[in-house]
Each structure stands twice: as C-alpha cells, then as structure tokens.
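We did not get these values from a lab; they are worked out from the coordinates using the rules stated. Predicted, not measured: the structure shown is a model, and the values here were computed from it. In this analysis, Cβ positions are derived from the backbone assuming ideal geometry, glycine residues included, and neighbour counts consider all displayed protein chains.
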Amino acid sequence: STVNWKTHNAIRGTSSSLLAADAVPGWYKSTEVYKTCNATCAAADLVCSTDSSLLSSSGKIKVAMSELEETCSTVEDPQNGTKAGTFRMGDDGIICSPANAKTPLNCHLEAPADATRICFCKGEDDVYKLAPKGSNVCPDQYRAIESAKDCEDAAKAGMQGLPPPSKWEKNDPNNQGSPSSCFKDLETGKVRFNSISMRGFEELDSWQTADHRKICKKAFSGPEAEPSCKFTALEDQVFLGGVSYDKADGGSSAITFMPPGVFQMETKMPFGISEIKLISDKNATCKIKGKNYKLYGNLGVFSLRLKDRNLQ
C-alpha cells in the first residue's frame, strides 16, 4: 500500500498534541511548542536529518514546501545558521531560505522569531537511504536496487526513509550522467532507473551539477554468528551459487558444490580450495569470513573470483 507522506496535522498546525504512533518519515515544520527540528522530530518519534543538501536549492526547498502544503513566493540565496532551511511571511507572500549544502543543518537551532524551520525527520533504521552526493556506492549495510521493476515498485510504495515525494518516471538515461541503478532527482522528486553498468563508476563526475542521488535499500544482515566456511547473501531474495577450483588458474578440474540449476541463500564451502567463484542472479554483496565482496556483471549473471589469500 502507498505510504501517506503528508505531514502530521498536529505538527503542521498549532496543536501541541502528537500521535507518534501515526508518524512517518517525511517533511515536518517547527511550531511554537516544538521550536527546533530535534524537538519536532522527537515529538513524532523520529530523528532529525542534518543533510543540508536536501534543502540547498530553490527547486529542493519548493519540493519540501509543497509537501507541507505551502508555496514559496520568493527564494533567497542559500543560508547558514538559523535562517538555513526556513520560511517566513513577507509583504508579497512566503519567503523561503534554502540551506548551504557545505554546512550541515544544526538540528538544535531555533529559527528566527518570524520564521519556521523545515525539518526532514527520518526513522532510526529506515528501509531506504540515499548514497552521499557525488557517490555511486551505497553506505554500509545498504545495497542498490538492481531492476527497473523493483525501483518502480519502491517509488510507488513511497520509499520510506527518503525525503518525499518519490514520483516514478519511466525514462532510462543509460549513461554516467546519473548514478547507476535506482536514483532520485532531489530537484524534482522524480525516481528513475539507470541501466548503465556500475563497474568502474564509483564516483560521479564533477561536471554533474544536478543533485541525482543513488537510492539504497537496507540489506538483510543475516545471523550475527556466521560459520567461517560459507558465504551469505546480504539481502533477502538474493540467491547465490558457487564453483570452487582445485587449481589457481581455474583449470578443468573443478568441484560444483551447489545443486545443479539451483541458486540458494547460503552455501557451505568445501575446505582445501585455492580459488572460488561467487555467482548470483543479482548484483549482490556476499560475505566471506566477515569481509564483504561486491559482485559484478549484467543480464542476471553476476560473479566474482577470489584467490586463496581471501579465503584463509
């Protein structure tokens, strides 16, 4: 079902009563009772985001204000300090003050007396997270969304944890002008899927001025105590198989230790091998003896070959 991202009436209006159980991550605004973003988010049982890049341009602050059912008549240059990420009434309508992307938002600050803070409140452990600006690599414990269908479904479900809106657009750029896989344009709220391969494309080029951010989904963490001779997919619904070699050059003598034609969530590894090839039907991250390894490929076949120094 689609998540309703509209801000809590209790926070949007003048009421001081909040129903935290009903709160969802999204855009909120401060009130006379909750004057800082920390207080506003805490009242909704959420956490304030210090990511100033979410409000660092005219386009982005207008998107946030639209979610708050407000409209900027005038947008100032990006600000630091108490004015960053705020709005106030002027003679000709609402004046909006974007944040400076180079300075993290201070969630403890109150807005000036005539202004209201705009806050992005997130959960402690959200399903979705944005990669850092300029990066094509997901944070630890998160992974890319590897199919256009999954990207579309996630966008239509609201992508809980990301700043709303998340509007699906079926327009594959297929180039390195945007992050690979599922990404979001923060200037418009549009979500698209870029089918360009990630291989060798870990950082976005400096000429990319649009704030397109890679969307990452929380990985399945698996059991804490992991036996040493196996590898594990770090996300639910990722299936793995493997082939081990008794020669370092991957010669003709090989041992297949997964059932033929079957991918599985977890595979036991035989002892005494000198090399292993990990295979998956998705661009998975695998774990071997506490270290994570990213698989590469395309068209539903992703793999990585490791030699004995990684298997000791």
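Under a crude label model (7 Å from the Cα following the beta-carbon direction), how far is Asp91 from Ser147 in nanometres?
5.9 nm
How about segment 71-116: which trypsin sites (Lys or Arg not before Pro) there are in a DSSP loop, with at most 11 other Cβ atoms within 10 Å of their Cβ?
Working: sites: Lys83, Arg88, Lys102; in loops: Lys102.
Filter output for segment 71-116: Lys102.
For an R0 of 45 angstrom, estimate the FRET efficiency from the Cβ-Cβ distance between Glu76 and Lys291 and round to the nearest 0.05.
On the way: r = 48 Å, r/R0 = 1.06.
After rounding, the FRET efficiency stands at 0.40.
Using a ≥ b ≥ c from the Cα gyration tensor of segment 85-228 (square roots of the eigenvalues), is it rounded, prolate or oblate, where a/c under 1.5 gives rounded and otherwise the larger of a/b and b/c decides, a/b for prolate? All intermediate terms of the calculation are to be shown ahead of the outcome.
Values: a/c = 2.03, a/b = 1.53, b/c = 1.33.
Since a/c reaches 1.5 and a/b is larger than b/c, the shape of segment 85-228 is classed as prolate.
Which links in Lys122/Lys277; Lys35/Lys218; Lys184/Lys294 stretch past 28 Å when you go from one Cα to the other?
Lys122/Lys277; Lys35/Lys218
Along Cα→Cβ, 7 Å out, is where each label goes; now give me the distance between the ones at Ser206 and Ala113 in nm to one decimal.
4.6 nm
Using a 10 Å cut-off on Cβ atoms, rank the peptides 90-98, 51-59 from the highest mean neighbour count down. Each step should come with its number before you reach the end.
Numbers: 90-98: 16.4, 51-59: 21.2.
With the highest mean Cβ count within 10 Å placed first, the list reads 51-59, 90-98.
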